[in-house]
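Before any comments, here is the structure.
The values are calculated or read from the model by the stated rules, or taken from the named source; none is laboratory data. Keep in mind it's a predicted model, so treat the numbers as computed, not measured. Every residue, glycine among them, receives a Cβ derived from its backbone with ideal geometry; neighbour counts consider all protein chains shown.
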Protein chains: 2
Amino acid sequence: MSVTFATGFSAAGVHAGISANTQRPDLALVVNHGPLDAAAGVFTANRFCAAPVQWTRDVVRDGHIKAVVLNSGGANACTGQAGLKQSEATAVKVAQTLTGDMQRGDDAAVVPIEEVAVCSTGLIGELLPLEHVLNGVELAASALGSDDQAGTDAANAILTTDTKPKTVRLSGSGYRVGGMVKGSGMIAPQLATMLCVITTDAVVDVEQLQSALTSAVSQSFNRIDVDGCMSTNDTVLLLASGASGVTPESDRFADLVRQACSDLARQIIGDGEGSTHDIVVTVSGADAEDAALACARAVAGSNLLKCAIYGNDPNWGRIVSSLGTVPVHVAAYEPTDVTVDINGVRVCEHGGAGVDRSEVKMDARQVDIHIDLHHGTAAATVLTNDLTHDYVHINADYES
Amino acid sequence: MSVTFATGFSAAGVHAGISANTQRPDLALVVNHGPLDAAAGVFTANRFCAAPVQWTRDVVRDGHIKAVVLNSGGANACTGQAGLKQSEATAVKVAQTLTGDMQRGDDAAVVPIEEVAVCSTGLIGELLPLEHVLNGVELAASALGSDDQAGTDAANAILTTDTKPKTVRLSGSGYRVGGMVKGSGMIAPQLATMLCVITTDAVVDVEQLQSALTSAVSQSFNRIDVDGCMSTNDTVLLLASGASGVTPESDRFADLVRQACSDLARQIIGDGEGSTHDIVVTVSGADAEDAALACARAVAGSNLLKCAIYGNDPNWGRIVSSLGTVPVHVAAYEPTDVTVDINGVRVCEHGGAGVDRSEVKMDARQVDIHIDLHHGTAAATVLTNDLTHDYVHINADYES
């Protein structure tokens, strides 16, 4: 499943001993066997981006990736030149190992160093135990498989504080899209918050891949709230093998990629650190999508609201006071026009009290907040989690 | 003390029964007996600003305030036209009561409605029990005094989740500046986060007052982190009676006002909801103060860092990953030049690991984080608190 759902890909997940504290698998390998090796990537905008991000951003620039190696147990971020050398050494090892493993004389089976992407996740500020990583690469190369289990193994090996693997598979007309993501809870930029690999056997070119991925990420991973913080390691890769021989209709393909990203993003929220509620904030009635999005982000980013939802309190005052911080030039509306529905109950009308909040049922995990600005027809949705004792616990004690 | 430290002012704090749940004093009155009645104000930028903010913003526009009435127990925010009528009715009652109490025939003793400021703090979205407020005004008017106790009573009557009153008094050459503030923890926009009244007996005109106040607020209350959220009710007023007869040197007066605001802002942080640490984030080496400020705000706003500090973990990775979210066009610097000192220990050097974090002592309440961008000479400091179990508890359960 996951990255092996599309044909033309093999994968593995092994225990390399990168973190001394766990017996969990911690190194994954994904190989594109072609015939195509087209690839696209989207990366964190954080200026302290990790060594593997710097490496992989260079690798994907020409639109070709043959293999991706991913490790948990260490982010290799803020590690300077030494960290960059580690990412490069890991890519070299993958290239050598795979090239040796594959049939000689077949040009396509040669894996050049500059077509190996590297992703890391874990603690910031420490170098990796490189010996363990390189041994892990050999282990993973010999464990490569293209069945469901191989994809699941890879999805498991990239987890950190995640409580479960997150994968997706979707079918187009004669081709497939599959993927895996690691998201250590919604708001954990200290860890490399999110690593994602999506594979397809459709016949698509690099421009089409990059355009589909950029659009999909902006509608999915960029609409789950990460507390205004970007991690140092966020990486989303989309690889095409072309093994199905099917050239998809362009819009339909972009749609599938968007669905895959949305599904995986939703799974990240569902596994948010310490969370007891998923919060879906939809703002409609805006005069532009950007305006709706800015409003939804402001509400989804409110610690006070997130605490209230944890307390099962449909506190609309905390919703409108967050909404009110969005400047007029970003989102035009009249405060006295605004309505707020929580789980279908109109608790705020004309910017003031509506139906009594005691009418709102808060038992379910999902809480739907719908804000209507009554100022236009554009809308946007942002997903977040509640802020809980367990979130504080996890993030106060993670080091120890 | 507090607002009665400067001559020419009287004050009172009484129990008006505005909140049914408490026997605490909940209504304060501050009266300027002149000869001047110059005033300046700074207000929340929240678009859902409360009725008393709308009222008082109009009142201060002409630069004259004779009395301020402040209540806890209800914010009168998001209460529409009915809420505005309540603020007006409260001002009317104050004007009538004070005018009746003061000597007739003395023009200066007449208190026009449009010179009465109104401030409210408490829950959003509910009207006040107006009867109780109006009765409270009568009680307070008959309790007015100009001694220390009267000032302390007023400072006590405006508290909500605060655990202690917050006051300041400073002396210039022949004149005085005093004040009180209510801050319900650092990040509590659901409550009317902050109400502040500062008084002086210096002879200063309205322009000078407003300029001193605007500058002081931008250097103090606007540099304590409120989680990107503004409350619906934030109000800072500066009143001058001129009773000392002393015209201060302009810069020196502005300095004193800034000191008063900084002292009160610092007290808000010291009483932050559920906090166990005060965090002082200083960014130096920037090419402009705005750049330094943007960086300091990004770091001070990180939930992950705030959780780490609660766990006594000097986690510099969470500092640089927050710093890295500030775009280049906002703050220019090279990540590899950045150093971070926590409580005097250089844990991050050249954007990577420095002295081992285990060297950092985290026992004291105050934690000093000093980030040097090594890119210029400008600096800025932002104060915040740690994020604790008690913060979540207070804000998840406040309603119940």
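Looking at region A:353-400, which of the residues that are part of a loop (DSSP other than H, G, I, E, B) and facing another protein chain (nearest Cβ under 9 Å) is surrounded by the fewest Cβ atoms within 10 Å (Cβ to Cβ)? Here the answer is A:400. Acidic (Asp, Glu) and within 14 Å of chain A (Cβ to nearest Cβ): is that true of residue B:287 in this structure? So residue B:287 does not fit the description; no.
Quick one: in region B:94-103, which of the residues that are assigned to a helix (DSSP H, G or I) and of a type in the set (S, T, N, Q) is modelled with the lowest pLDDT? This residue is B:99.
Can you confirm whether residue B:282 is touching a Gly at 6+ places or on another chain (Cβ under 9 Å) and either within 12 Å of chain A (Cβ to nearest Cβ) or not in a loop (DSSP other than H, G, I, E, B) (or both)? It is false that residue B:282 is touching a Gly at 6+ places or on another chain (Cβ under 9 Å) and either within 12 Å of chain A (Cβ to nearest Cβ) or not in a loop (DSSP other than H, G, I, E, B) (or both). Scanning region B:85-93 turns up at least one residue that is modelled with pLDDT of 95 or more, outside any loop (DSSP other than H, G, I, E, B) and within 14 Å of chain A (Cβ to nearest Cβ). Condition check for residue A:246 on (1) surrounded by 20 or more Cβ atoms within 10 Å (Cβ to Cβ); (2) over 24 Å from residue A:47 (Cβ atoms): one failure, at (1).
Filter region A:50-67 down to the residues that are surrounded by fewer than 24 Cβ atoms within 10 Å (Cβ to Cβ) and in a loop (DSSP other than H, G, I, E, B) and list them by number. Listed by number, the residues that qualify are A:61, A:62, A:63.
For region A:258-281, the candidate set comprises residues that are among the hydrophobic types (A, V, I, L, M, F, W, C) and touching a Ser or Thr at 6+ places or on another chain (Cβ under 8 Å); within that set, the residue that is surrounded by the most Cβ atoms within 10 Å (Cβ to Cβ) is A:261. From the list B:350, B:329, the lone residue that is at positive phi and within 12 Å of chain A (Cβ to nearest Cβ) is B:350. Annotation note: of A:95, A:91, A:11, the sole residue that is in contact (Cβ under 8 Å) with a residue 60 or more places away in the chain and assigned by TED's automatic domain parsing to the domain that holds residue A:135 is A:11. Any chance region A:125-144 includes a residue that's buried (at least 24 other Cβ atoms within 10 Å of the Cβ), of a type outside the set (Val, Ile, Thr) and modelled with pLDDT under 95? Scanning region A:125-144 turns up at least one residue that is buried (at least 24 other Cβ atoms within 10 Å of the Cβ), of a type outside the set (Val, Ile, Thr) and modelled with pLDDT under 95.
Just to be sure, is residue A:232 touching a Cys at 6+ places or on another chain (Cβ under 7 Å), polar (S, T, N, Q) and not in a helix (DSSP H, G or I)? Criteria met by residue A:232. Against the conditions (1) outside any loop (DSSP other than H, G, I, E, B); (2) surrounded by fewer than 16 Cβ atoms within 10 Å (Cβ to Cβ); (3) over 29 Å from the mean Cα position of the chain (by Cα), residue B:321 satisfies every one except (2). Entry remark, region A:307-326: residues being at pLDDT below 90 and more than 8 Å from chain B (Cβ to nearest Cβ) number 0 in total. Restricting B:239, B:209 to those that are surrounded by 24 or more Cβ atoms within 10 Å (Cβ to Cβ), over 12 Å from the mean Cα position of the chain (by Cα) and farther than 18 Å from residue B:70 by Cβ reduces the list to B:209. Within region B:229-253, no residue that is assigned by TED's automatic domain parsing to the domain that holds residue B:67 sits with its Cβ atom under 7 Å from a residue that is surrounded by fewer than 23 Cβ atoms within 10 Å (Cβ to Cβ) and acidic (Asp, Glu) at 6+ positions apart or across chains. For residue B:41, the requirement of being in a loop (DSSP other than H, G, I, E, B), under 25 Å from residue B:204 (Cα atoms), of a type outside the set (Val, Ile, Thr) and more than 14 Å from chain A (Cβ to nearest Cβ) is not met.
Within the set B:341, B:372, the sole residue that is touching a His at 6+ places or on another chain (Cβ under 7 Å), at pLDDT 95 or above, more than 15 Å from residue B:225 (Cβ to Cβ) and not basic (Lys, Arg) turns out to be B:341. Which count do you get for residues in region A:68-84 that are within 14 Å of chain B (Cβ to nearest Cβ) and either assigned to a helix (DSSP H, G or I) or of a type outside the set (S, T, N, Q) (or both)? Residues meeting the conditions: 9. Within the bounds of region B:247-259, is there any residue that is more than 10 Å from chain A (Cβ to nearest Cβ) and within 16 Å of residue B:381 (Cβ to Cβ)? The answer is yes; a qualifying residue exists. Taken together, the residues in region A:324-344 that are more than 18 Å from residue A:387 (Cα to Cα) and either not aliphatic (A, V, I, L, M) or not in a loop (DSSP other than H, G, I, E, B) (or both) amount to 14. With respect to being of a type in the set (Ser, Thr, Tyr), buried (at least 24 other Cβ atoms within 10 Å of the Cβ) and over 23 Å from residue B:174 (Cα atoms), residue B:44 fits the description.
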